[in-house]
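Worksheet: the structure to be examined is printed underneath.
The values are calculated or read from the model by the stated rules, or taken from the named source; none is laboratory data. What you see is a predicted model, and the numbers here were worked out from it, not measured in a lab. All Cβ positions, glycine included, derive from the backbone under ideal geometry; neighbour counts span all protein chains shown. Side chains are part of the model used for accessible areas, which takes the heavy atoms of the whole protein and leaves out ligands, DNA and RNA. Shrake-Rupley method; radii C 1.70, N 1.55, O 1.52, S 1.80 Å.
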Amino acid sequence: MDLLKDRVTLYLSHTGTTREELAKQLGMSTVSLRSKLNGNTEFSLSEAERLSGILGCTVDELKQEFTCR
């Protein structure tokens with residue numbers, strides 16, 4: 001199970017936010033966001049901080065979810 005990807009998908013469905021909008025909020029392309037959520041590339045600290053703020057969790061919680069795949 002991909003907890004981080006699931007959390008992002010849940011956030012998107014609950015808020016009506018698109019992946020494109022989320023990527024823009026994070027300052028990246030949708031291709032970069034997909035690559036990071038699929039584990040192909042890592043989030044930078046500043047990206048993880050922005051994502052945690054958007055999702056309403058801590059960076060440590062994101063790190064745990066990402067490494068539990």
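Scanning region 1-53 for residues that are outside any helix (DSSP H, G or I), closer than 18 Å to Gln64 by Cβ and open to solvent by 70 Å² or more (accessible area, probe 1.4 Å) returns Met1, Glu42.
Taking the criterion of being closer than 17 Å to Leu3 by Cβ, at pLDDT 90 or above and touching a helix residue (DSSP H, G or I) at 6+ places or on another chain (Cβ under 6 Å), would at least one residue in region 13-25 satisfy it? No. Within region 1-39, the set of residues being among the aliphatic types (A, V, I, L, M) and touching a residue at least 24 places away in the same chain (Cβ under 8 Å) comprises Met1, Leu3, Leu4, Val8, Leu22, Leu26, Leu37.
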